[in-house]
1. Using a 1.4 Å probe and counting only protein heavy atoms, arrange TRP30, TRP20 so the residue with the most accessible area comes first.
2. Loop only per DSSP, at most 10 neighbouring Cβ atoms within 10 Å: give me the GluC sites (Glu not before Pro) in segment 85-154, ordered by residue number.
3. Given the C-alpha atoms of segment 318-457, compute the convex hull and give its volume per residue in Å³.
4. For a quick check: with amide H placed at 1.01 Å from N, whose amide H comes under 5 Å from VAL328's, ignoring anything fewer than 5 positions away on the same chain?
5. In the structure displayed, which of LYS121/LYS164; LYS104/LYS418; LYS19/LYS206 lie more than 25 Å apart, Cα to Cα?
6. Scan around VAL309 for amide H atoms under 5 Å from its own, H built in the peptide plane at 1.01 Å from N, and keep only partners 5 or more places away or cross-chain.
7. Limiting things to C-alpha atoms, what are the Rg and the maximum Cα-Cα separation (Dmax) for segment 79-153, in angstroms?
8. At 222 nm, what helix-only mean residue ellipticity would the chain give, in deg cm²/dmol to the nearest 500, using -39500 (n - 2.57) for each DSSP H run of four or more?
Amino acid sequence: MARDAALYVCQTCGAVQAKWAGQCPACGAWNTLVEEVSAPRPPGALAPSKATRGRQGLAFETLDVETPTPPRLVTGVAEFDRVCGGGVVPGSVLLVAGDPGVGKSTLLLQVTSHASLRGVKTAYVSGEEAIEQVRARAQRMGLAEAPLLLAAETSLREVIDGLKRERFELVVIDSLQTMWSDQMEAAPGSVTQVRAAAGELVRLAKKTKAAVILVGHVTKDGQIAGPRVVEHMVDAVLSFEGERGYPFRILRGTKNRFGATDEIGVFEMGDQGLREVANPSALFLNESGSRAAGAAVFAGIEGSRPVLVEFQALVAPSAYGTPRRAVVGWDNGRLAMVLAVLEARCGLCLGDRDVYLNVAGGMRITEPAADLAAAAALASSALDQPLPQDCVVFGEISLSGDVRTVGRAESRLKEAAKLGFSSALAPRSAEEAGVMRVFGASRLSEAMSRIERADWS
Ligand code: TYD
Ligand code: MG
């Protein structure tokens, strides 16, 4: 039999090329095309499915049929359940993606142990660690009693057969990159293998009605096939993030067919695994309580929850020709925009000074409502005027220098009031909320001159 034509698959974007090239024509990445030979389909693979066999072909249905909402499988790790939309849906497939070492295995060992303690029939399949290692970790985390079933296996065929036999309700595959199918010649971890493994496991979930959680490593240089190529195959994608050097870990829903996507779960990594953090605001605020010039507390919303975080800015004379701009936890482009608006609309020139901006606690903020908090922190540092102790800040800034209304002002203010804050620098419209004293501003220049004059009466 003639050898199958070789195909070259980009390990970053998954594009398939007929010829090798140094640069992927699809995504422009260098040195990512790898030869992958796909094996011939096993006989019968293209036979009609059971559902269509014996019928006249594709059957159509209408919308107005009562469909019961899918029951949720509650794992008992509340932060995880919330990000999933109130528990995992049986028969669905979830991808938990994150950098190596961020704590994915720890999180899922905890999730599966708690689920099994609640009576859910659960399996944890590790392709990376030996059973002893997983067991030792569970013991250290105080979960030795959980009736969880462990397996260490990398052969996809063995895993699928085993899982079909036992009929689990919840299954974790740690990790997708270690699973390999002997029907493919491609190397383990390659795009072809990862895609094949994900496809098989999705079919298994649909068939056995088990909820399947796949672990996927994301690498910055794209050397190992990233889980990006399977994102469209799964029902939900949760990314697990954390800044190096901080104990906080954030689980963020980036895709969810069964719930909201902007929800976050907050955890703290300790000696005994991950601890759920039910009230993140208290955690991200500076404990000492005294706020120096350059600090502004942002009243943000993450998913369904209000979260308060401190923005810290330092504006200093620059020792070099090109001033430095360094940002942690916020967007570089957004900082450039706020600096430009401060200069053009408020006459606050920071062009020749070093600017450092930091979101405390290792949190990453993406909400546009944080603009005003960043601007307030920058102005406070540049003018050496601290904001009042008890003041929170939020509002979006437009290029014209307007402070724009943002959503859920009342929830932001209520959360701030709960944590002892009693005033806010915010868009004018927030004055109507009536929760606390609001220094409303419709122009950025108004807010900045208030900081400059320290006019908080
Ligand atoms: P792990 O879950 O193995 O990461 P991943 O599966 O995402 O690669 O977690 C790795 C890190 O977590 C490791 O550096 C040690 C740390 N850790 C703790 O700090 N405390 C603990 O109780 C556990 C289990 C891990
Ligand atoms: Mg791991």
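1. TRP30, TRP20
2. Sites meeting the loop and neighbour criteria: none at all.
3. It is 107 Å³ per residue.
4. LEU357, ASN358, VAL359
5. Beyond 25 Å between Cα atoms: LYS104/LYS418; LYS19/LYS206.
6. Residues meeting the criterion, in which the H sits 1.01 Å from N, are PHE298, GLY300.
7. Considering segment 79-153 through its Cα atoms, Rg and Dmax are 12.4, 33 Å.
8. Working: 10 runs with 113 residues, N = 457.
Mean residue ellipticity at 222 nm (helix-derived): -7500 deg cm²/dmol.
The values are calculated or read from the model by the stated rules, or taken from the named source; none is laboratory data. These numbers come from a predicted model, not from an experiment. Neighbour counts are summed over all protein chains in view; Cβ atoms, including those assigned to glycine, are modelled from backbone coordinates with ideal geometry. Note: accessible area is taken over every heavy atom of the protein model, side chains too, but ligands, DNA and RNA are not part of it. Shrake-Rupley method; radii C 1.70, N 1.55, O 1.52, S 1.80 Å.
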